[in-house]
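Colleague: Handing you this structure, nothing more for now.
The values are calculated or read from the model by the stated rules, or taken from the named source; none is laboratory data. Remember, it's a predicted structure, so these values are computed and weren't measured experimentally. Using ideal geometry, Cβ is built from the backbone for each residue, glycine included, and neighbour counts are taken over all protein chains shown.
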Number of protein chains: 2
Amino acid sequence: MPKTNAKTKETEHLPEIEIFKEYIRRKGLRFTPEREIIVREIFEIHDHFDVDELYLRLRNKGKKLSKASIYRTLPLLIDCGLIQEVYHEDGHMHYEHVYGHEPHAHVRCLECRKVEEFTDHRIKEIEEHITKEFGYRLTGLRFELLGYCPDCLKKQYRP
Amino acid sequence: MPKTNAKTKETEHLPEIEIFKEYIRRKGLRFTPEREIIVREIFEIHDHFDVDELYLRLRNKGKKLSKASIYRTLPLLIDCGLIQEVYHEDGHMHYEHVYGHEPHAHVRCLECRKVEEFTDHRIKEIEEHITKEFGYRLTGLRFELLGYCPDCLKKQYRP
DNA sequence: ACGATAGTTGCATTTCTTTTACAATTACTA
DNA sequence: TAGTAATTGTAAAAGAAATGCAACTATCGT
């Protein structure tokens, strides 16, 4: 179960749905009920998610829309900077919210498979370094540390 | 085309094939010609690679082994710490050498799709921090920065 | 050196994720 | 409110990765 330590304060930003609407408008696309349902559901999940989980949550709420619509909506949300692909695991992609969240690292335990988030001021420093020294304009970041968590080390799953 | 700035000096370590042999022995597995061919080919590639590229390189050299063997060998190489999954793109996984390489970040241009590598002492510091403060034992790392490279910015692909 | 045995290979098939063609539907603009 | 171009669901396709199986073989003990 992913744990989320590095949540940014969720105050002082536009609601995600407004960002999305504005993006849709700017691109000359359409704000459909299906897209609205998908976007609202995604931002009710306060954790990493994947297509199947999202689809099941919607079905359980009686919202019957197709997976195709989800697969079509995700790239829009990525493009407008609301979410990002965070890691590919168990044969499929996992996503996380980006907008309003500080850059952070994911630390994954290879034994119990839990994922924790950590912030570190040095992440921003590295971004700044790349920006200033190499002239990149950065828009996103994925940082994953792999290893064994204290609990699993204690249980001697790993010597 | 991925560019590789952050290559570590390749001296002063055991040949990868020896590491692999030792791992195979320790696990009671078998050192087959197919495995040897795959491993040697992987360490002749000095860049990121994927299954298809590896398969084609082998075919072009007249080595006719199956993709299944590649798919079965990669987890072994990951498990013994020689390579890692580095990013999932174009619908499939990409790999890179790990053994003998310093931890580094990948900076990906979303326009021209090039991938550059950068080292930064802060990456190690962050690792140490996670290790000391949170008690993890870390074995690997993926760090990807996404944005637009100076060239593409100059060409005004992005305002 | 040889034979037994358990691991490995290639092939074909399967599973699973993600994409897409198409016809019906619908959001948006004038 | 009508016109039009985007969107939807369905079903199928595309593609990556995993796997069952029979034939093969590396390895080990004798």
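Colleague: Report those strands (runs of 3 or more DSSP E) wholly inside the range B:90-159 carrying at least 3 residues which are facing chain A (nearest Cβ under 7 Å) and within 18 Å of the chain's Cα centre (by Cα).
Modeller: Values: elements: B:92-97, B:105-109, B:115-118, B:137-148.
Hits in the range B:90-159: B:137-148.
Colleague: Related question: When residues of the range A:38-49 are filtered for being within 10 Å of the chain's Cα centre (by Cα) and surrounded by fewer than 14 Cβ atoms within 10 Å (Cβ to Cβ), how many remain?
Modeller: Counting residues in the range A:38-49 that are within 10 Å of the chain's Cα centre (by Cα) and surrounded by fewer than 14 Cβ atoms within 10 Å (Cβ to Cβ) gives 1.
Colleague: So in the range A:89-112, with the set limited to residues that are within 16 Å of DNA strand D (Cβ to nearest atom) and in the same structural domain as A:Ile17 (by TED's automatic domain parsing), which one is nearest to B:Arg142 (Cα to Cα)? Explain how you work it out, then say what you get.
Modeller: Step one: list which residues in the range A:89-112 are within 16 Å of DNA strand D (Cβ to nearest atom), which gives A:89-94, A:110.
Add one more test, that the residue is in the same structural domain as A:Ile17 (by TED's automatic domain parsing), and what stays is A:89-94.
On the way: A:Glu89: 14, A:Asp90: 17, A:Gly91: 18, A:His92: 17, A:Met93: 16, A:His94: 15 Å.
Here the residue is A:Glu89.
Colleague: Residues to consider are B:Thr119, B:Thr131, B:Thr73; find the one that is buried (at least 18 other Cβ atoms within 10 Å of the Cβ), polar (S, T, N, Q) and over 19 Å from A:His88 (Cα atoms).
Modeller: When all the criteria are applied, what remains is B:Thr73.
Colleague: When the residues of the range A:31-86 are filtered to those that are of a type in the set (Phe, Trp, Tyr) and more than 10 Å from DNA strand C (Cβ to nearest atom), which remaining residue is nearest to the other protein chains (Cβ to nearest Cβ)? Full working, then the answer.
Modeller: As a first pass, look at the range A:31-86 and keep what is of a type in the set (Phe, Trp, Tyr): A:31, A:43, A:49, A:55, A:71.
Keeping just the survivors that are more than 10 Å from DNA strand C (Cβ to nearest atom) gives A:43, A:49.
Working: A:Phe43: 21, A:Phe49: 17 Å.
This residue is A:Phe49.
A quick yes/no check of all residues on (1) hydrophobic (A, V, I, L, M, F, W, C); (2) free of Cβ contacts under 8 Å to residues at least 60 places away in the same chain; (3) surrounded by fewer than 18 Cβ atoms within 10 Å (Cβ to Cβ):
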{"position": "A:Leu58", "(1), (2), (3)": "yes, yes, no"}
{"position": "A:Ser69", "(1), (2), (3)": "no, yes, yes"}
{"position": "A:Cys109", "(1), (2), (3)": "yes, yes, no"}
{"position": "A:Ile123", "(1), (2), (3)": "yes, yes, no"}
{"position": "A:Ile126", "(1), (2), (3)": "yes, yes, no"}
{"position": "A:Leu146", "(1), (2), (3)": "yes, yes, yes"}
{"position": "A:Cys152", "(1), (2), (3)": "yes, yes, no"}
